[in-house]
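Below: one structure, written as C-alpha cells.
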Amino acid sequence: MSQNEISNYVRTAEDVKKVIEHAKLSENDLKPNVQPIYFGEKFENYKLLQLDEHILADLKCGQTVVFKGDHKESAVLCTKTKTYDVKEAETSNSILLLPELTFPDEEFNNMELTSRKVVGIFHTYLEVKPCKPRLTKLRYLLKNCSYKGSELEKEVLATSEMYTFEHLSAKIQASDNELKDALKEMGAFQIDGNWRVLDFEYECRALSFLLNLIDEQSWPYNTIPMDETLNILSELLPPVILQHIIDQYSTWCVSSNLSQTHRSLIEDKVCRFMAVGLLRPCDKFNLTDFKTAWQGSVPEGMITNLKQLDGTVLVDQSSHPQTICYFNEQDLPDDILERIVHLFQVRNKWTFNEIQPFLEKLSTDKLNVNTLLAKYTRATTDADGVRFYCSRYSSIM
C-alpha cells in the first residue's frame, strides 16, 4: 500500500468486524460505539494539566484558576482558596488527545463508525501538588513601602511603589484567600486602597503611646475605655494608624456591660512585640537579664512566658550563661529544603520543641512536622536521653 493510500485509508464496518474476530472477541460483548482513530496533519500546541477533585470542582462551578510566578520563580497554580506546586512529569506511555471521543456508557443501538482525529501526542504533563503559599516576596514588597509616619509619608509615596490587593494578587504566589490571611497575620492595613505595614520603629512609637497612656491613667490592661483613649491619642497619631494599633493589639471586652465601650490588650501580642523590641538591636542577650527586662517592659498584670516567642527567638541553653537572640520564622525561605539547609547552618542539632516553630507553617495535612523531620533529618539520642535532629545530608551541614 502506497503512502498516499495509507493517508486516504478509511476503516469500514467490515474492517472492524475482522479486527474483532482476530482478537477472538464476540460482537455481543462489545458496545456498538466504534471510533476509528486517525492522526491529524498537524498537532495543536496544548499542555496537559492534572486536576485534583478540588480544582475540578472549582472549574465546574465557574471559578477561575491562575498560574502565578515570574521568570525567576517556579510556577504555582492558584484557585480561590489553595496553592499548588506545578512540575512537569513524564509518562512512559503516549497520551493521545481526542477532543470528541465518546465513552461506552453512552447509548448506541446500531454499529456506527465515527472517525476521531488525534490533535496531540504527549509524553509529559503538568503535575500539581498542594503546597503552602510563597509569602517571602509579600513581606519584601510591603516592607519597601512601609509607613514611617506622616512626616515621611510624602517621601515614601514619591520613592516607593504602592500595591492594591489586585496588584499583590498578581505578584504573590498564593490564592486570594491565603493572601488575605497572610496580610492579616503580618498586620497589614490599607491607606487609600493600598496595603501597607508599619515600619518597626514607628510601630514601637505608636504602641508606646497607647501603653504609656494606660500606665498614666492607671487603667487595667484588660479594661481600657475606648472613647477616652481615642480622644487623647488622636492628637498624637493619624486616625487610620490609631485604629490599626488598637485593632492589632486589643480586642473588645467579653463582659456584656463593657463589650461596646472597653477593650482589652491581647497579652501574647503585646508581650511578643516588646520582646522583639528588646532583642532586635543586639546579637545576643543574657537569658536571665532578658527575662527581667522583658517582664519590666510590659503593662502591669501581664505575665511574660518564653512560649509567647515561639518562632521568634532562639534560646541557647548550652552556653554559660544561657543566651537568647532574635530569629524570626518569617525571615526564613518558603522552600522547605532551603529552610532546612538554613536551619542546620544556624545549628548542627535541634530538639523537636526547638525546631517545630520554624517548620510548622510549612507542614500540611499529609506532611506534618514529624514527617518533614523524618524526610530531611536523622534522629539521635544523647547520653541523657534527649532526642536531637541532625542533618540527613552532609551537604546541609
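The values are calculated or read from the model by the stated rules, or taken from the named source; none is laboratory data. None of these values were measured; they are calculated from a predicted model. Methodologically, a virtual Cβ is constructed for each residue, glycine included, from the backbone with ideal geometry; neighbour enumeration extends over all protein chains shown. With ligands, DNA and RNA removed, areas are computed over all heavy atoms of the protein, side chains included. Shrake-Rupley method; radii C 1.70, N 1.55, O 1.52, S 1.80 Å.
Restricting to the stretch 303-327, count the residues that are under 23 Å from MET186 (Cβ atoms), in a loop (DSSP other than H, G, I, E, B) and not polar (S, T, N, Q).
Residues in the stretch 303-327 being under 23 Å from MET186 (Cβ atoms), in a loop (DSSP other than H, G, I, E, B) and not polar (S, T, N, Q): 3 in total.
Looking only at the stretch 276-313, which residues are open to solvent by less than 50 Å² (accessible area, probe 1.4 Å), touching a residue at least 40 places away in the same chain (Cβ under 8 Å), out of contact with any Asp or Glu (no Cβ under 8 Å at 6 or more places or on another chain) and closer than 30 Å to LYS132 by Cα?
Once the filter is applied, which keeps residues that are open to solvent by less than 50 Å² (accessible area, probe 1.4 Å), touching a residue at least 40 places away in the same chain (Cβ under 8 Å), out of contact with any Asp or Glu (no Cβ under 8 Å at 6 or more places or on another chain) and closer than 30 Å to LYS132 by Cα, the stretch 276-313 yields VAL276, GLY277, LEU279.
For the stretch 120-217, which fully contained helices (runs of 4 or more DSSP H) count at least 3 residues that are crowded, with 19+ Cβ neighbours inside 10 Å and within 18 Å of the chain's Cα centre (by Cα)? Show your work before the answer.
Values: elements: 136-144, 150-159, 165-171, 176-185, 200-217.
Once the helices (runs of 4 or more DSSP H) in the stretch 120-217 are filtered for at least 3 residues that are crowded, with 19+ Cβ neighbours inside 10 Å and within 18 Å of the chain's Cα centre (by Cα), what remains is 136-144, 176-185.
Considering VAL341, VAL346, which residue is touching a helix residue (DSSP H, G or I) at 6+ places or on another chain (Cβ under 9 Å) and either among the basic types (Lys, Arg) or touching a residue at least 24 places away in the same chain (Cβ under 8 Å) (or both)?
Of VAL341, VAL346, the one residue that is touching a helix residue (DSSP H, G or I) at 6+ places or on another chain (Cβ under 9 Å) and either among the basic types (Lys, Arg) or touching a residue at least 24 places away in the same chain (Cβ under 8 Å) (or both) is VAL341.
Taking interchain pairs and intrachain pairs at least six residues apart, which have beta carbon atoms under 7 angstrom, with the first residue in the stretch 160-176 and within 20 Å of TYR147 (Cα to Cα) and the second part of a helix (DSSP H, G or I)?
SER160/ASN144; TYR163/LEU141; LEU168/LEU138; LEU168/LEU179
From LEU96, LEU101, grab the single residue that is in a loop (DSSP other than H, G, I, E, B), touching a strand residue (DSSP E or B) at 6+ places or on another chain (Cβ under 9 Å) and within 30 Å of THR114 (Cβ to Cβ).
Only one candidate qualifies: LEU101.
Considering the stretch 44-71 alone, what residues qualify as being surrounded by 14 or more Cβ atoms within 10 Å (Cβ to Cβ) and of a type in the set (S, T, N, Q)?
GLN50
Table: residues versus (1) hydrophobic (A, V, I, L, M, F, W, C); (2) in contact with a Ser or Thr (Cβ under 7 Å, 6 or more places away or on another chain); (3) closer than 25 Å to ARG139 by Cβ.
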{"position": "ASP331", "(1), (2), (3)": "no, no, yes"}
{"position": "HIS342", "(1), (2), (3)": "no, no, yes"}
{"position": "THR351", "(1), (2), (3)": "no, no, no"}
{"position": "LYS361", "(1), (2), (3)": "no, no, yes"}
{"position": "LEU372", "(1), (2), (3)": "yes, yes, yes"}
{"position": "LYS375", "(1), (2), (3)": "no, no, no"}
{"position": "ARG378", "(1), (2), (3)": "no, no, no"}
{"position": "ALA383", "(1), (2), (3)": "yes, no, no"}
{"position": "SER391", "(1), (2), (3)": "no, yes, no"}
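Regarding the stretch 221-232, can at least one residue be identified that is assigned to a helix (DSSP H, G or I), touching a His at 6+ places or on another chain (Cβ under 8 Å) and hydrophobic (A, V, I, L, M, F, W, C)? Break it down stepwise before answering.
Step one: of the stretch 221-232, the residues assigned to a helix (DSSP H, G or I) are 226-232.
Checking the rest, the ones that are also touching a His at 6+ places or on another chain (Cβ under 8 Å) come to 226.
Still in the running and hydrophobic (A, V, I, L, M, F, W, C): 226.
Within the stretch 221-232 (the criterion being assigned to a helix (DSSP H, G or I), touching a His at 6+ places or on another chain (Cβ under 8 Å) and hydrophobic (A, V, I, L, M, F, W, C)), the answer is yes, since at least one residue qualifies.
Taking only the stretch 114-147 into account, find how many residues are closer than 24 Å to GLY69 by Cβ and polar (S, T, N, Q).
3
Residues checked against (1) among the β-branched types (Val, Ile, Thr); (2) open to solvent by less than 60 Å² (accessible area, probe 1.4 Å):
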| residue | (1), (2) |
| --- | --- |
| GLN317 | no, no |
| HIS320 | no, no |
| CYS325 | no, yes |
| GLU329 | no, yes |
| ILE336 | yes, yes |
| VAL341 | yes, yes |
| GLN345 | no, no |
| TRP350 | no, yes |
| GLN356 | no, yes |
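Farther than 20 Å from LYS72 by Cα and among the basic types (Lys, Arg): is that true of LYS148 in this structure?
Yes: the conditions hold for LYS148.
Given the criteria hydrophobic (A, V, I, L, M, F, W, C), over 23 Å from ASN286 (Cα atoms), part of a helix (DSSP H, G or I) and open to solvent by less than 30 Å² (accessible area, probe 1.4 Å), does LEU373 qualify?
For LEU373, the condition - hydrophobic (A, V, I, L, M, F, W, C), over 23 Å from ASN286 (Cα atoms), part of a helix (DSSP H, G or I) and open to solvent by less than 30 Å² (accessible area, probe 1.4 Å) - is met.
Just one of ASN4, ASN45, ASN28 is within 54 Å of the chain's Cα centre (by Cα) and either modelled with pLDDT under 80 or in a loop (DSSP other than H, G, I, E, B) (or both); which is it? Spell out the reasoning first.
Values: ASN4 fails: within 54 Å of the chain's Cα centre (by Cα); ASN28 fails: within 54 Å of the chain's Cα centre (by Cα).
The conditions single out ASN45.
Which of the residues belonging to the stretch 252-301 are charged (D, E, K, R), assigned to a loop (DSSP other than H, G, I, E, B) and within 21 Å of ASN328 (Cα to Cα)?
Step one: list which residues in the stretch 252-301 are charged (D, E, K, R), which gives 263, 267-269, 272, 280, 283-284, 289, 291, 300.
Now narrow it down to the ones that are assigned to a loop (DSSP other than H, G, I, E, B): 280, 283-284, 300.
Matches in the stretch 252-301: ARG280, ASP283, LYS284.
Could you count how many residues in the stretch 248-265 are out of contact with any His (no Cβ under 7 Å at 6 or more places or on another chain) and either crowded, with 16+ Cβ neighbours inside 10 Å or in contact (Cβ under 8 Å) with a residue 24 or more places away in the chain (or both)?
Selection size over the stretch 248-265: 9.
Return the only residue of ASP15, ASP70 being acidic (Asp, Glu), over 20 Å from LEU113 (Cα atoms) and not in a strand (DSSP E or B).
ASP70
Scanning for something touching a residue at least 40 places away in the same chain (Cβ under 8 Å), on the phi > 0 side of the Ramachandran plot and not hydroxyl-bearing (Ser, Thr, Tyr), does the stretch 89-110 turn up at least one residue?
No, every residue in the stretch 89-110 fails to be touching a residue at least 40 places away in the same chain (Cβ under 8 Å), on the phi > 0 side of the Ramachandran plot and not hydroxyl-bearing (Ser, Thr, Tyr).
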